[in-house]
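Okay, so here's the structure we're looking at.
Nothing in this text is a laboratory measurement; each read-out follows from the coordinates by a stated rule. Predicted, not measured: the structure shown is a model, and the values here were computed from it. Every residue, glycine as well, gets a Cβ built from its backbone with ideal geometry; the counts of neighbours run over all protein chains shown.
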Amino acid sequence: MLGFSNIVQRTRKRISKCLQEMPDIEAEVMEDGNYRLIRGSAILYLTVESWGMRDVMVNCTSYVVIGATVDAELMAFLLDANAQVPFGSFALDEDRDILFEYALIATNARSYELKEAIKAVAKAVDDYDNKIINRWGGETAYKVLFGFDAD
């Protein structure tokens, strides 16, 4: 059996290979060894974490809208959206900013599964960010980070 740190390293190598095969993704390895990805207006963060004693979880997170007016109507909209998207879910962070997350056990995940997780999160952001901003205000994470819109 491989040691746990070897499993994490093997997973990180698989992720790096996947990212090289995705030309529409701009990828950066961060200081902590995790990843920041940019695809269109979506900025995604991939984190590799332990899951129990023998498994590795990859969590793909993206801020959808920052600074929206959160009310009951928006909450209902996000709950309905969660019922529509096949993978992942919308949530609010402690600052009530809207994010989208998708986690998968990646210990033995194939390249295809990792790519589809990344695409699912980026698609959710692209499909919903403008809908939310047009109705409840706020800005994309891309605009907050870079000072201008990606589109």
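Just a few scattered comments:
- Among residues of region 25-42, those that are out of contact with any strand residue (DSSP E or B) (no Cβ under 9 Å at 6 or more places or on another chain) and part of a strand (DSSP E or B), counted: 0
- Considered as a group, the residues in region 67-106 that are in contact with a helix residue (DSSP H, G or I) (Cβ under 7 Å, 6 or more places away or on another chain) and small (G, A, S) include one that is nearest to K119 (Cα to Cα), and that residue is G88.
- Any hit, region 65-85, residues being aliphatic (A, V, I, L, M), in contact (Cβ under 8 Å) with a residue 12 or more places away in the chain and assigned to a strand (DSSP E or B): yes
- Breaking point among (1) without any contact (Cβ under 8 Å) to a residue 24 or more places away in the chain; (2) surrounded by 16 or more Cβ atoms within 10 Å (Cβ to Cβ); (3) not in a strand (DSSP E or B), for Y45: (3)
- Within region 54-96, restricting attention to residues that are under 17 Å from the mean Cα position of the chain (by Cα) and small (G, A, S), the residue that is nearest to K131 (Cα to Cα) is A81.
- Of the residues screened, R36 is one that is at negative phi, surrounded by fewer than 19 Cβ atoms within 10 Å (Cβ to Cβ), within 14 Å of the chain's Cα centre (by Cα) and charged (D, E, K, R).
- Residues of region 105-151 classified as within 13 Å of A68 (Cβ to Cβ), among the small types (G, A, S) and crowded, with 18+ Cβ neighbours inside 10 Å, total: 2
- Top-ranked residue in region 73-108 [being out of contact with any strand residue (DSSP E or B) (no Cβ under 7 Å at 6 or more places or on another chain) and hydrophobic (A, V, I, L, M, F, W, C); ranked as nearest to A27 (Cα to Cα)]: V85
- For the residues A109, A117, the requirement of being closer than 22 Å to L19 by Cα and touching a residue at least 60 places away in the same chain (Cβ under 8 Å) singles out A109.
- When the test is whether a residue is more than 18 Å from L104 (Cβ to Cβ) and of a type in the set (G, A, S), G52 does not pass it.
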